[in-house]
1. Can you pull out the residues in the stretch 231-268 that are over 30 Å from residue 198 (Cα atoms), surrounded by fewer than 14 Cβ atoms within 10 Å (Cβ to Cβ) and out of contact with any Asp or Glu (no Cβ under 6 Å at 6 or more places or on another chain)?
2. Would you check if there is a residue in the stretch 249-260 being of a type in the set (S, T, N, Q), free of Cβ contacts under 8 Å to residues at least 40 places away in the same chain and over 30 Å from residue 50 (Cβ atoms)?
3. Regarding the stretch 32-43, can at least one residue be identified that is touching a strand residue (DSSP E or B) at 6+ places or on another chain (Cβ under 7 Å) and away from ligand 1 (no atom under 16 Å from the Cβ)?
4. Among the listed residues 91, 101, which satisfies the condition of being assigned by TED's automatic domain parsing to the domain that holds residue 16, among the polar types (S, T, N, Q) and surrounded by 18 or more Cβ atoms within 10 Å (Cβ to Cβ)?
5. Pick from 184, 246, 208: which is more than 30 Å from residue 3 (Cβ to Cβ) and either without any contact (Cβ under 8 Å) to a residue 40 or more places away in the chain or not assigned by TED's automatic domain parsing to the domain that holds residue 135 (or both)?
6. Any idea how many residues of the stretch 36-56 are of a type outside the set (S, T, N, Q) and crowded, with 19+ Cβ neighbours inside 10 Å?
7. Does residue 102 meet the test of being assigned to a helix (DSSP H, G or I) and at pLDDT 95 or above?
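The values are calculated or read from the model by the stated rules, or taken from the named source; none is laboratory data. Remember, predicted model here, so these are calculated numbers, not experimental data. For neighbour counting, all protein chains shown are included, and Cβ atoms are generated from backbone atoms with ideal geometry for every residue, glycine included.
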Amino acid sequence: MAPRVLKVEGLRKRYGTTEALKGVDLTVERGELVGLLGPNGAGKSTLVKIACGLVNATGGTASIDGALGYLAELFRFPDWATADEVLTLHQDLARSDGGAQERSRLLETVGLGGESGRRVGTMSKGMQQRLGLAQAMIGRPAILLLDEPTSALDPAGRRLVRDVLEGLRADGVAVLLNSHLLSEVELVCDRVAIIAHGELVAAGTPGELSTAGGVEVETADGTRNWPDATRDDVPRIVRELVEAGEQVYGVRVLRSTLEDAYLEAVGE
Ligand SMILES: Nc1ncnc2c1ncn2[C@@H]1O[C@H](COP(=O)(O)OP(=O)(O)OP(=O)(O)O)[C@@H](O)[C@H]1O
Ligand SMILES: [Mg+2]
């Protein structure tokens, strides 16, 4: 079994009378990309902040094996700082000795090559978010905790971040990704955990969470549905149609999306 880089056990957090986390268990292994999903206020950011040591748990534990990189949900770098200065500051904080080479490599990785002298105050939101991702990767952490890292990004930027995350996974880095973008999570994550009202309500691979959704056949008479059929039923369905003299133009095995599974799990 791959080593666990993040281990969350029975994690609880109370803010005054609000129970933000009610005993959550979660693990992320080396080289694994895990999506943490849930409605607004579910406790996702709280879990990540506890794992970073920014917030104290009320009960349970969250332990990280190795160095961590963190991109906060609501972050703000100083307007006057250049991209290079922001990364230099974080190299100092992370005690990274990567120097100018690490900074330019990371800026290149997030599509900001050639922008090292640009001031944060002149950057678009999406550029700032990509700078934030570069900052989180300083010092080659064992795990990245990314709290909605693509919320400000355009489709090309999201694709870029997805490619970066896949590169990290290939390098054995663990990633916990908070997101509301289910299609993105479905594309990139190995495993998904869904929390609602501070409790884990579903977990598994995107494939495990999205269930069979029937079979659709396109014939000369139009599209026909077999809602309870699975892939195994396709040969029989096609044979029966052909024997009945129908023309078959296409067959689709349908699956519910992660979005369907999510909405069911959170009860909406
Ligand atoms: N510092 C705080 N003081 C009091 N309550 C807080 C604090 N931080 C979070 N909460 C509450 O804890 C609960 C969980 O919040 P959290 O930010 O972890 O949710 P989230 O899942 O990240 O939501 P979102 O999708 O909106 O980012 C919410 O009810 C929130 O109002
Ligand atoms: Mg949040």
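1. First pass over the stretch 231-268, keeping only residues over 30 Å from residue 198 (Cα atoms): 231-254.
Subset that is surrounded by fewer than 14 Cβ atoms within 10 Å (Cβ to Cβ): 231-232, 235-236, 239-240, 242-245, 247, 249-250.
The answer is 231, 232, 235, 236, 239, 240, 242, 243, 244, 245, 247.
2. no
3. Yes, there is a match, as at least one residue in the stretch 32-43 is touching a strand residue (DSSP E or B) at 6+ places or on another chain (Cβ under 7 Å) and away from ligand 1 (no atom under 16 Å from the Cβ).
4. Numbers: 101 fails: surrounded by 18 or more Cβ atoms within 10 Å (Cβ to Cβ).
So the residue among 91, 101 that is assigned by TED's automatic domain parsing to the domain that holds residue 16, among the polar types (S, T, N, Q) and surrounded by 18 or more Cβ atoms within 10 Å (Cβ to Cβ) is 91.
5. Values: 184 fails: more than 30 Å from residue 3 (Cβ to Cβ); 208 fails: more than 30 Å from residue 3 (Cβ to Cβ).
Matching residue, one of 184, 246, 208: 246.
6. Applying the first criterion (of a type outside the set (S, T, N, Q)) to the stretch 36-56 yields 36-39, 41-44, 47-55.
In the following step, the residues that additionally are crowded, with 19+ Cβ neighbours inside 10 Å were identified as 36-38, 42-44, 47-51.
Of the residues in that region, 11 qualify.
7. Values: assigned to a helix (DSSP H, G or I): yes; at pLDDT 95 or above: yes.
Considered against the rule, which asks whether it is assigned to a helix (DSSP H, G or I) and at pLDDT 95 or above, residue 102 comes out as yes.
The rows are residues; the columns are (1) under 13 Å from the mean Cα position of the chain (by Cα); (2) at positive phi; (3) not assigned by TED's automatic domain parsing to the domain that holds residue 26.
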{"site": "108", "(1), (2), (3)": "no, no, no"}
{"site": "114", "(1), (2), (3)": "no, yes, no"}
{"site": "140", "(1), (2), (3)": "no, yes, no"}
{"site": "150", "(1), (2), (3)": "yes, no, no"}
{"site": "154", "(1), (2), (3)": "no, no, no"}
{"site": "174", "(1), (2), (3)": "yes, no, no"}
